[in-house]
Amino acid sequence: MMRHLSRVIRRRVGPVAGAGVLLAGGIGAGVLAGAGAAQAASCSGAVAAGTTCTDTGTLTFSAGTLALTSPTALAWAGTDTGLNQLLVDTTTAQQSYIVDDATGSGAGWNVTVSATTFTSTTPVATLPNTGAFATNGSLTLTGGALTTTAPTAACTGTNTCTLPSNVLAGSYPIIMNTLVSSPTVYKIYDDSATFGLGSITIGLPGANAVGWWVAVPANAVPSTSGYTSTVTLEVVSGP
């Protein structure tokens with residue numbers, strides 16, 4: 001009778017002990033998983049040596065403006081020959097301008113020019129308004145006529161940029177009329193949308209520099225004061 005009771009007890013205790021081992025194993029596994037999921041501390045306070053912490057890095061980067069840096073003056077010189085003449089501005093610093101599109105919009109842009117009548121004070125005289133002023137991308141004539149060359153565009157200095165796509169590439173020379181007041185505004189460079197981002201120099205000395213030309217007729221009166229005109233340049237958003 002005692003031997004039988006002992007066997008029954010052993011049989012019942014065995015499974016219970018096994019269950020205890022499984023339960024203990026489950027608890028142990030949970031503790032280890034919790035330790036592995038620990039997060040790095042924030043760097044906002046003191047952190048112990050050998051412990052990592054995390055910060056958030058934020059760059060504030062705002063849109064800039066669209067700007068034009070143009071020559072401060074234009075100048076021409078010539079001698080009366082009794083013939084019609086086309087005179088070009090030969091000053092290197094005046095043969096380019098810079099468009100800086102820092103807006104990031106990709107809206108494109110265009111450069112416009114207007115000029116008043118070329119007028120002399122000594123003696124009092126004017127040059128004809130029709131076809132008086134012109135621009136292209138050349139400093140020389142071909143067969144006595146203005147070339148169809150467009151000015152070269154390049155990123156300014158060592159800066160990176162998206163070069164412009166000039167809608168007017170096939171429209172040079174751009175010949176302009178002058179007027180005493182409220183002269184006509186002409187587009188002289190027209191950049192397509194999504195192009196022309198960054199600082200861009202239009203007209204490169206030694207390549208296709210900007211040619212600024214004045215037409216002087218054969219019957220023009222020589223002037224000791226020189227002929228002057230107010231030339232207005234502007235950069236406008238959009239092609």
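The values are calculated or read from the model by the stated rules, or taken from the named source; none is laboratory data. Quick caveat, the model's predicted, so the values are computed rather than measured. Positions of Cβ are backbone-derived with ideal geometry, glycine not excepted, and every protein chain shown enters the neighbour counts.
Across region 124-159, which residue is surrounded by the fewest Cβ atoms within 10 Å (Cβ to Cβ) among those that are closer than 18 Å to Trp109 by Cβ and out of contact with any Pro (no Cβ under 9 Å at 6 or more places or on another chain)? Within region 124-159, the match that is surrounded by the fewest Cβ atoms within 10 Å (Cβ to Cβ) is Asn159.
Going by what's in this entry, would Ser181 be described as assigned to a strand (DSSP E or B), among the polar types (S, T, N, Q) and over 21 Å from Gly238 (Cα atoms)?
Working: assigned to a strand (DSSP E or B): no; among the polar types (S, T, N, Q): yes; over 21 Å from Gly238 (Cα atoms): yes.
Judged against the criteria, Ser181 is not a match.
Looking at (1) out of contact with any strand residue (DSSP E or B) (no Cβ under 8 Å at 6 or more places or on another chain); (2) exposed (fewer than 15 other Cβ atoms within 10 Å of the Cβ); (3) modelled with pLDDT of 95 or more, which is the only condition Gly206 fails? Of (1) out of contact with any strand residue (DSSP E or B) (no Cβ under 8 Å at 6 or more places or on another chain); (2) exposed (fewer than 15 other Cβ atoms within 10 Å of the Cβ); (3) modelled with pLDDT of 95 or more, only one is false for Gly206: (3).
Here Leu197 meets each of (1) exposed (fewer than 15 other Cβ atoms within 10 Å of the Cβ); (2) over 22 Å from Ser114 (Cα atoms); (3) at pLDDT 95 or above with one exception, condition (1).
When region 82-135 is filtered for residues that are of a type in the set (Ser, Thr, Tyr), in contact (Cβ under 8 Å) with a residue 60 or more places away in the chain and within 21 Å of Thr147 (Cβ to Cβ), the ones remaining, listed by number, are Thr92, Ser96, Tyr97, Thr135.
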